Amino acid sequence: MAQTSFETLLPRLGESFGATAEAAEALGTLGDPRALPLLRALNDNRLARAPDGRLVIDGRDALTGEASPGPTELLRINNRVRVALRGAMGRLAIVSPDAAERAAAAEAVFRTRSAENVPLLEAALARETRPDIRARLELALGASRLISADPVAQRAGVAALAQAGTADARNLLLEVRDSRAELAAEIDQAIAAIDRKLAFRRAAETLFQGLSLGSVLLLAALGLAITFGVMGVINMAHGEMVMLGAYTTFVVQEALRSTGMAAWSLPLSVPAAFLVTAAIGVALERGLIRHLYGRPLETLLLTFGIGMMIQQTVRLVFGAQNREVLSPAWMQGSLLLPGGIAVTQNRLWIIFFALAVLVAVMAAIRFTRFGLQMRAVVQNRRIAATMGIRTGRVDAATFAVGSGIAGIAGVALSQIDNVSPNLGTGYIIDSFMVVVFGGVGSLLGTLVGAMTLGLTNKMLEPYAGAVLAKVAVLVGIMIFIQRRPKGLFALKGRAAE
């Protein structure tokens, strides 16, 4: 039926201004994607007719795309036709090959809902494959059915809006409730169903935001769990190592921008940031910190001063303004999960990345020779030295690994935060809270502590605000530490001494 109507309407284009306007409006309601380039060409004065009646666009057959030599006559339009073309093209954009155009058209059809759009929306839904656009089309179809004169279509519209379960659907049902007394009970049930879906969606999005914040805290605290938890060094320059990792990402991206390998800048930044910050960590440990083992106050003051020096050096080299680090295409945009839960892809990737880094660190400590030597030094430094383990080299390597992991955290944070000299300052206190809460020296405690603090923070924010939520978390940790000074997962045996 749609194909016959399409073929029947084509000869009417160009008959007269009135016939052309009517044909354009009719084509706009069909939902046939072949009509969109025809109407655009007509609007741009590029649509012509050959003597045999075929429509031609820029010397090619409008339907087959084959070359069409010979004389043609351009079809003329007036203001009435232009108005009809604008409306028809706006509706037909819903079947455009461009996904962005389809999404924008679906939104426009929902905002300017009309019962006449039902056939068009049904045709568009039959072709649409993208879940996010399908959801918007279903919402627009339900809205168009709801305002039709057919009671059966109205009930179908109420059911469709209830199934959509969005705030827009809820608002539309509230708007028409008073004018649809015969559907009041069904509308009330639909609103209640939408409220349940919205509550579930908010809870799921809060959970994701909490896991996202927890993964960021995990990355920032993981290196500190090694330098502070294993070595007992209070490294106040840890945040600056995170910041240097972010700036390494910026430098790698700038270096690859003109080589055609910009898409590889983020993966290549991970080993680069690890090596840069690990080298700085080794220099810091061998040059200064090794002389202050067992003197925590002096170590704290020393690393605090070094952190300030690193910040100032970065300001002199890169300037005080923020630097832009672009995300690769596969980390951009949002992902629509079942149930209408929208998650940002960059944060989703960071969650997986944080867990992968944690697994790699735990495997390195558990199954490598370096991990065995590090655990031996932690448990009993003197006996480890008598067995031939060079404790000074282990200390340097351990500090390098902790600093390198901080640099990797900076790579991840460059995708969600501003790259500036103050980047690491906001994470140093949170990192210490995670390590102390989870248990000094416990990587499992670092994971549990980071996720617990991230979830708690995001659960409190809707009620208390961001600042008060963080204050509440800090007070809760203080109370918890009074009860369990060694944290959730306290080390046992010689390692706890």
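The values are calculated or read from the model by the stated rules, or taken from the named source; none is laboratory data. For clarity, every value in this text was computed on a predicted model and none was experimentally measured. Here the Cβ is made from the backbone with ideal geometry for all residues, glycine too, and neighbour counts use every protein chain on show.
Things worth noting here:
- Residue within the range 395-411 that is farther than 20 Å from Glu285 by Cβ and modelled with pLDDT of 85 or more present: yes
- Close Cβ contacts (under 6 Å, 6 or more residues apart or on different chains) running from residues in the range 151-176 that are in the same structural domain as Ala115 (by TED's automatic domain parsing) to residues that are of a type in the set (Lys, Arg) comprise Ala153/Arg145; Ala156/Arg145; Gly157/Arg145; Gly165/Lys197.
- If the condition is being crowded, with 22+ Cβ neighbours inside 10 Å and free of Cβ contacts under 8 Å to residues at least 24 places away in the same chain, then the range 440-463 contributes no residue at all.
- Matching residues, the range 66-101, being of a type in the set (Lys, Arg), more than 15 Å from Arg40 (Cβ to Cβ) and part of a helix (DSSP H, G or I): Arg80
- The sole residue among Ala199, Ala262, Ala184, Ala192 that is among the small types (Gly, Ala, Ser) and either assigned by TED's automatic domain parsing to the domain that holds Asn322 or in contact with a His (Cβ under 9 Å, 6 or more places away or on another chain) (or both) is Ala262.
- Per-region count, the range 231-248, residues at pLDDT below 90 and either surrounded by fewer than 24 Cβ atoms within 10 Å (Cβ to Cβ) or within 21 Å of the chain's Cα centre (by Cα) (or both): 4
- Subset of the range 466-480 (residues that are within 20 Å of Tyr427 (Cβ to Cβ), of a type outside the set (Lys, Arg) and either modelled with pLDDT of 80 or more or not assigned by TED's automatic domain parsing to the domain that holds Tyr427 (or both)): Val467, Leu468, Ala469, Val471, Ala472, Val473, Leu474, Val475, Gly476, Ile477, Met478
- Only a single criterion out of (1) surrounded by 15 or more Cβ atoms within 10 Å (Cβ to Cβ); (2) not hydroxyl-bearing (Ser, Thr, Tyr); (3) not in a helix (DSSP H, G or I) is not satisfied by Pro485, namely (1).
- The helices (runs of 4 or more DSSP H) falling completely within the range 1-53 that include 1 or more residues that are in contact with a helix residue (DSSP H, G or I) (Cβ under 6 Å, 6 or more places away or on another chain) and within 15 Å of Glu73 (Cβ to Cβ) map to 17-30.
- Test: residue in the range 192-210 that is at pLDDT 80 or above, crowded, with 16+ Cβ neighbours inside 10 Å and aromatic (Phe, Trp, Tyr): yes
- Of the helices (runs of 4 or more DSSP H) lying entirely inside the range 345-419, the ones with 2 or more residues being of a type in the set (Ser, Thr, Tyr) are found at 391-413.
- Filtering Leu172, Leu125 for residues that are in a helix (DSSP H, G or I), under 13 Å from Ile94 (Cα atoms) and in contact with a helix residue (DSSP H, G or I) (Cβ under 6 Å, 6 or more places away or on another chain) leaves a single hit, Leu125.
- Residue within the range 319-340 that is out of contact with any Pro (no Cβ under 8 Å at 6 or more places or on another chain), at pLDDT below 80, buried (at least 17 other Cβ atoms within 10 Å of the Cβ) and not aromatic (Phe, Trp, Tyr) present: yes
- Taken together, the residues in the range 104-120 that are under 16 Å from Met89 (Cβ atoms) and assigned to a helix (DSSP H, G or I) amount to 9.
- Boolean, Ala193 is part of a helix (DSSP H, G or I), of a type outside the set (Lys, Arg) and in contact with a helix residue (DSSP H, G or I) (Cβ under 8 Å, 6 or more places away or on another chain): yes
- Candidates Thr277, Thr299, Thr313, filtered to the one that is β-branched (Val, Ile, Thr), under 29 Å from the mean Cα position of the chain (by Cα), in the same structural domain as Gln253 (by TED's automatic domain parsing) and surrounded by 12 or more Cβ atoms within 10 Å (Cβ to Cβ): Thr277
- In the condition set (1) of a type in the set (Gly, Ala, Ser); (2) surrounded by 13 or more Cβ atoms within 10 Å (Cβ to Cβ); (3) farther than 18 Å from Arg134 by Cα, Ala103 is compliant with all but (3).
- The set of residues in the range 260-306 being under 24 Å from Gly319 (Cβ atoms) and without any contact (Cβ under 8 Å) to a residue 12 or more places away in the chain consists of Gly305 alone.
- Set Phe437, Phe432: member being closer than 19 Å to Ile234 by Cα and either surrounded by fewer than 21 Cβ atoms within 10 Å (Cβ to Cβ) or at pLDDT 90 or above (or both): Phe432
- Looking only at the range 358-417, and only at residues there that are polar (S, T, N, Q) and surrounded by fewer than 17 Cβ atoms within 10 Å (Cβ to Cβ), the one that is nearest to Arg290 (Cα to Cα): Thr391
- Going through (1) at pLDDT 80 or above; (2) surrounded by 21 or more Cβ atoms within 10 Å (Cβ to Cβ); (3) under 29 Å from Glu128 (Cα atoms); (4) among the hydrophobic types (A, V, I, L, M, F, W, C) one by one, Ala26 falls short only on (2).
- Criterion applied to Asn117, Asn79, Asn43 was being touching a residue at least 24 places away in the same chain (Cβ under 8 Å), over 20 Å from Arg145 (Cα atoms) and either buried (at least 21 other Cβ atoms within 10 Å of the Cβ) or not charged (D, E, K, R) (or both), and the one residue passing it is Asn43.
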